[in-house]
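Peer 1: Can you read through this structure? Questions will come right after.
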Amino acid sequence: MARFLALLAREWRLSVRHGGDTLAALLFFVLAASLFPLAIGPSPETLGRIAPGIIWVCALLAAILPLDRLFGADFEDGSLDQLLLSGLPPPAIAAAKACAHFLVTGLPLLLAAGPLAVMLRMPPAGIPILLVGLVPGTMTLSLLGSAGAAIVLGARRGAVLLPLLVLPLAAPVLIFGTAAASAAADGLAARPALLLLTALLLIALPLCPLAAGAALRSAAE
Amino acid sequence: MDATAIAPNPSRSLHRFANPGRFLRLSGRFLAPLAWTGAILTVIGLGWGLFFSPADWQQGDAVRIMYVHVPTAWLASAGYMGLAVCAVFSLVWRHPLADLAAAEIGPVGAGVTALCLATGSLWGKPTWGAWWVWDARLTSMLVLFFLYLGQIALVRAFDDPERGHRAGAILALVGVIDLPIIKFSVDWWNTLHQASTITLTSAPSMYVGMLWPLLISALGFSLGFAAIVTARLRAAVMERRLRGLLMARAQAGA
């Protein structure tokens, strides 16, 4: 556990000291979401209805953006080999990385999502549920993304390949996340969709680090 | 522990087929009968289905798309299942033939899935009035198609083929979660796509004159799928052998 926390602290320090890289995902999120009113038109009814979808899709794409550096930098400079020798099991390394990705990318997205939803004229009743749904949603995306990032480690054009692998797997998260937010905006019960989102997180929580760990081990061979 | 005690008996374990020479000999013997039986059954099933089976009382002749659509849909799922089984073999037992088989099943499975989506879309236009509907089964089938494409791209994206096979195997196992979603999507969600008419546990709710050609063409398609995969697998084994020979010659010349 101490090693796990040490790795997490290292990731945190690295991302704080490379502030620009960390903020890029957040900037992308805000920019991409603000393109929609320009493209669709500023009519509040249309925007308000599709706001949950815009925010979820942009969050999904923004979460994928920094993934190729998640293990990539460590793989290139050899720190990954050191990490694997540190005595921490590979799935735990992957879990720490996913955790760091959530703290560095997922949490800022969550903070930005509230103001964005207001700007996109989303019905106020839906906004709390949108944010509540984004918590397990971004966690699941971090887990799926860390598994994808570990799998493409060392591939040619890995950065291009990564979205192709992660996006289909992330489709259920998107479906239930937007279903919860839209239901709440329409005054319907959001609980079933939120429970299903949490169920997805609970499935991903043990399985994704296992897959990522296996991929890390084969990448380091 | 004594190493000989845990070594599997090569004559009985699946590693018997890891010997490429033995695989080529065996598969060479049954490839032609497999392909011919598949082709003949497909012709019989499709001929019966397209020309002699009755038209549906509601859908008219459009129902005949079923004789292509349903077998390809079954095969799309079965192909991914095969991919996942190969993935287990390659990750757990490091079976070299399973690696190659997974790499060769991918494109064939993607082709079958594309065929299923295309015929489904052709069937949807006259019966539902739309080429495409975002319903649970169609969407999960589309996701399956993307999973196939991802696996195909991933396996071929590494300079070291061994790494590609390993990564592809892990991806196939992660993606296998989509299979039950496809299977049960029409039962869980009330969707436009009809529920299964053929189940293992009860009598099919389908006219026998339509059931037989469907089953025959499904069997024909499956054998054809197996024959194509086997032929591709043989080609892959020979390709690898050829590359080895060329490498050996280049090294001897240098």
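Peer 1: In degrees, nearest 10, range 0 to 90: what is the angle between the Cα axis of helix B:178-188 and the longest Cα principal axis of chain B?
Peer 2: Once rounded, the angle reads 20 degrees.
Peer 1: Run lengths n ≥ 4 of DSSP H only: what is the helix-derived mean residue ellipticity at 222 nm for chain A, with -39500 (n - 2.57) per run over all residues, to the nearest 500?
Peer 2: -28500 deg cm²/dmol
Peer 1: If a/c stays under 1.5 just call it rounded; otherwise compare a/b with b/c (prolate if a/b is bigger, oblate if not). Do that for the protein assembly as shown, with a ≥ b ≥ c from the square roots of the Cα gyration tensor eigenvalues.
Peer 2: Judged from the Cα gyration tensor, the protein assembly as shown comes out oblate (a/c at least 1.5, b/c at or above a/b).
Peer 1: Return the FRET efficiency for the residue pair residue A:3, residue A:73: r is the Cβ-Cβ distance, R0 is 25 Å, and the value is rounded to the nearest 0.05.
Peer 2: 0.80
Peer 1: Taking the Cα centre of each part, how many Å lie between the range A:57-116 and the range B:126-174?
Peer 2: Taking the Cα centre of the range B:126-174 as reference, the centre of the range A:57-116 is 24 Å away.
Peer 1: What shape does chain B take by its C-alpha gyration tensor, where a ≥ b ≥ c are the square roots of the eigenvalues and a/c under 1.5 counts as rounded, a/b above b/c as prolate, and the rest as oblate?
Peer 2: Judged from the Cα gyration tensor, chain B comes out prolate (a/c at least 1.5, a/b above b/c).
Peer 1: Which one of A:38, A:163, A:84 is farthest out on the positive end of the charge dipole of the range A:2-220, using unit charges on Cβ (Lys, Arg +1; Asp, Glu -1) and the Cα centre as origin?
Peer 2: Result: A:84.
Peer 1: Something else now. Apply the Karplus curve 6.51 cos²θ - 1.76 cosθ + 1.60, θ = phi - 60°, to the phi angles in the range A:80-91 and return the couplings in whole Hz, x for Gly and Pro.
Peer 2: Values per residue, Gly and Pro as x: 5, 4, 4, 4, 5, 8, 6, x, 6, x, x, x Hz.
Peer 1: If you don't mind, there's one more thing I want to ask. Under 10 Å, Cα contacts only: if you run a Gaussian network model on chain A, which one of A:189, A:117, A:179 comes out with the highest mean-square fluctuation?
Peer 2: So, out of A:189, A:117, A:179, the one fluctuating most is A:189.
Peer 1: Report relative contact order for chain B in percent, whole number only (criteria: Cα-Cα under 8 Å, sequence separation at least 6).
Peer 2: Rounded, it is 32 percent for chain B.
Peer 1: Continuing with the same structure: Could you run the Debye sum over the Cα atoms of the range A:2-220, one equal point scatterer each and no solvent, and tell me log10 of I(q)/I(0) at q = 0.15, 0.16, 0.18 Å⁻¹, two decimals?
Peer 2: Result of the Debye calculation: -0.92, -1.03, -1.23.
Peer 1: At R0 = 45 Å, how high is the FRET efficiency between residue B:250 and residue B:29 if r is their beta carbon distance? Nearest 0.05 is fine.
Peer 2: Step by step, r from the Cβ atoms, then E = 0.85.
Peer 1: How far apart, in nanometres, would the label points at residue B:162 and residue A:34 be if each is projected 7 angstrom from Cα along the Cα-to-Cβ direction?
Peer 2: With each label placed 7 Å out from Cα toward Cβ, I get 5.1 nm.
Peer 1: I need to check one value: relative contact order of the range A:2-220, counting alpha carbon pairs closer than 8 Å and at least 6 residues apart, in percent.
Peer 2: That works out to 27 percent.
Peer 1: Would you work out which of A:197, B:98, B:49 lies farthest towards the positive end of the dipole of the protein assembly as shown? Charges go on Cβ: Lys and Arg +1, Asp and Glu -1.
Peer 2: About the Cα centre, the residue reaching furthest to the positive side is B:98.
Peer 1: What list of ³J(HN,Hα) values in whole Hz, one per residue of the range A:13-26 in order, does the Karplus curve 6.51 cos²θ - 1.76 cosθ + 1.60 (θ = phi - 60°) give from phi, with Gly and Pro shown as x?
Peer 2: Using θ = phi - 60°, the values come out as 4, 4, 6, 5, 6, 9, x, x, 4, 5, 6, 4, 5, 5 Hz.
Peer 1: Moving to a separate point now. Of the options A:66, B:30, B:174, report the single residue whose Cα projects farthest towards the positive end of the charge dipole of the protein assembly as shown (beta-carbon charges: Lys, Arg +1; Asp, Glu -1).
Peer 2: Result: B:30.
Peer 1: Let me ask something additional. Considering every residue in B:167-175, what mean count of other chain Cβ atoms within 10 Å of its Cβ is obtained?
Peer 2: Partner-chain Cβ atoms within 10 Å, mean over residues of B:167-175: 6.
Peer 1: Build a GNM of chain A with springs between Cα atoms under 10 Å: which of A:53, A:126, A:187 gets the top mean-square fluctuation?
Peer 2: So, out of A:53, A:126, A:187, the one fluctuating most is A:187.
Peer 1: Go through the range B:38-107 and name the chymotrypsin sites (Phe, Trp or Tyr not before Pro) that are in a DSSP coil and have 12 or fewer other Cβ atoms within 10 Å of their Cβ.
Peer 2: Hits after loop and neighbour filter: B:57.
Peer 1: What residue among B:150, B:79, B:49 shows peak mean-square fluctuation when chain B is described by a Gaussian network model with Cα springs under 10 Å?
Peer 2: Residue with maximal mean-square fluctuation among B:150, B:79, B:49: B:150.
Peer 1: Please give the FRET efficiency for residue B:40 paired with residue B:131, using the beta carbon to beta carbon distance and R0 = 45 Å, rounded to the nearest 0.05.
Peer 2: Calculated transfer efficiency: 0.85.
Peer 1: Identify the trypsin sites (Lys or Arg not before Pro) of the range A:121-221 meeting these criteria: DSSP loop state and at most 14 other C-beta atoms within 10 Å of the C-beta.
Peer 2: A:156, A:157
Peer 1: I'd like the orientation of helix B:161-175 relative to chain B: the angle between its Cα long axis and the longest Cα principal axis, in ° from 0 to 90, rounded to 10.
Peer 2: Rounded to the nearest ten degrees, it is 30.
Peer 1: Which shape class, rounded, prolate or oblate, goes with the range B:27-96 when its Cα gyration tensor gives a ≥ b ≥ c as root eigenvalues, a/c under 1.5 marks rounded, and past that a/b bigger than b/c marks prolate?
Peer 2: Oblate.
Only the coordinates and a few stated rules stand behind these numbers; no lab work does. What you see is a predicted model; the values in this text were computed from it and never measured. Quick reminder, even Gly has a Cβ in these numbers, built from the backbone with ideal geometry, and neighbours come from all protein chains shown.
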